[in-house]
Structure formats: C-alpha cells, structure tokens
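J.: Right, I'll just put the structure down here and ask away after.
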Amino acid sequence: MSNNMDQRIVIIGCGRLGASIANTFSDVNRNVVVLDKKKEAFQRLSSGFGGLIIVGDGMDLQVLKELELHRASAVIVVTNDDNTNIMISQLVHFVFHAKHIISRLYDVNRKSVYEQLQIATFCPVLLSFDTIDLWMKENTI
Ligand code: AMP
C-alpha cells in the first residue's frame, strides 16, 4: 500500500465539482470518501471509482462522525450553498478538529469571514477572472 492510501481525502458534496475532484483523486489511488445528501449524486462518479460513498447531510453531526474526520488529511467542502459550506466547515474545524479544510465560496464578499475562521476558500468567480485575465494577456488583448 502506498503512502497515498494512509490518509483520507473527504469531499462533502458530490455535485459536478465534488464528483470531478473525487474521480480525479481516486484515479491516482488516493483514499477518497465522498458525502452527499442525495444518493443520485453518486451517479456522477466514474465506474472505476475506488473510494467510499456516504449518503447523508453534511450539517448532521452524526453523519460527520461517520466520516472519521480525524483521519482526514484534507476536507473539501463543495456543496452548492455558501451558508451550508461555512456551517459544515465550522463543524469540521471546531467539533472534529480536521486540520486542512478548503471550502467553495460563491460570494466573494464573504471571503474575509472565512479568513477570520481560518478556513481556506476558493472562489469560482475569482478563478474564472484569473483565467480570462491570463487569456487576454496571452493574446495581447
Ligand atoms: P454542484 O452545484 O453541482 O457542485 O452540486 C452540489 C452538491 O452538493 C449536490 O449534489 C447536493 O446534493 C450537495 N449538497 C447540498 N447540500 C448538502 C448537504 N447539506 N450535505 C451534503 N451534500 C449536500
């Protein structure tokens, strides 16, 4: 067993982004656990997906307990709602003491709130802007 298998990557939200991240890490033999409140969401996982799937609400403490977050090397919170993501990230941080948490944030204006809570974020809006900005520079537009 490789070192990559020692610690789990937990993904909360198996939507378009969560499933894509889960498939990508599974493809490189990382130990992946993915949670979604809707069981249909797991249809997005590839046929070769080798991780664990759990159906449940990420706001539910009992469900979070099942994820064995103390074993997680990373927790990636990507539901489709900023309030849900911040709530889950806080539970994961303060109740389950996970070390590394990153959360999707649609509303750029809330970035400072997450920063105060020491939760890393990525904003699709900012990432899109960076890509467009780079494309414009490369094409001298
Ligand atoms: P997407 O917008 O395609 O990235 O999908 C977001 C995913 O997050 C969907 O599959 C939702 O079912 C899932 N989701 C939303 N809220 C929760 C929650 N509280 N717990 C677990 N999964 C959730």
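J.: With the structure loaded, tell me whether ASP27 is away from the ligand (no atom under 16 Å from the Cβ), surrounded by fewer than 18 Cβ atoms within 10 Å (Cβ to Cβ), modelled with pLDDT of 95 or more and closer than 18 Å to CYS14 by Cα or whether it fails that test.
T.: For ASP27, the condition - away from the ligand (no atom under 16 Å from the Cβ), surrounded by fewer than 18 Cβ atoms within 10 Å (Cβ to Cβ), modelled with pLDDT of 95 or more and closer than 18 Å to CYS14 by Cα - is met.
J.: Continuing with this model, one more query. So the check is Cβ under 6 Å with 6+ separation or different chains; which pairs have a first residue in the stretch 117-141 that's touching a residue at least 24 places away in the same chain (Cβ under 8 Å) and a second one that's assigned to a helix (DSSP H, G or I)?
T.: Pairs found: ILE119/SER89.
J.: When the residues of the stretch 58-111 are filtered to those that are acidic (Asp, Glu) and either within 14 Å of the ligand (Cβ to nearest atom) or in contact with a strand residue (DSSP E or B) (Cβ under 9 Å, 6 or more places away or on another chain) (or both), which remaining residue is modelled with the lowest pLDDT?
T.: Here the answer is GLU68.
J.: Here is a further query. Considering the stretch 91-109 alone, what residues qualify as being surrounded by 16 or more Cβ atoms within 10 Å (Cβ to Cβ) and either of a type outside the set (S, T, N, Q) or under 20 Å from GLN62 (Cβ atoms) (or both)?
T.: Correct list: LEU91, VAL92, HIS93, PHE96, ALA98, ILE101, ILE102, ARG104, LEU105.
J.: Filtering the stretch 30-57 down to residues that are crowded, with 19+ Cβ neighbours inside 10 Å and within 12 Å of GLY18 (Cα to Cα), which residue is farthest from the ligand (Cβ to nearest atom)?
T.: VAL32
The values are calculated or read from the model by the stated rules, or taken from the named source; none is laboratory data. This structure is a prediction, so every number in the text was calculated from the model and none was measured. Methodologically, a virtual Cβ is constructed for each residue, glycine included, from the backbone with ideal geometry; neighbour enumeration extends over all protein chains shown.
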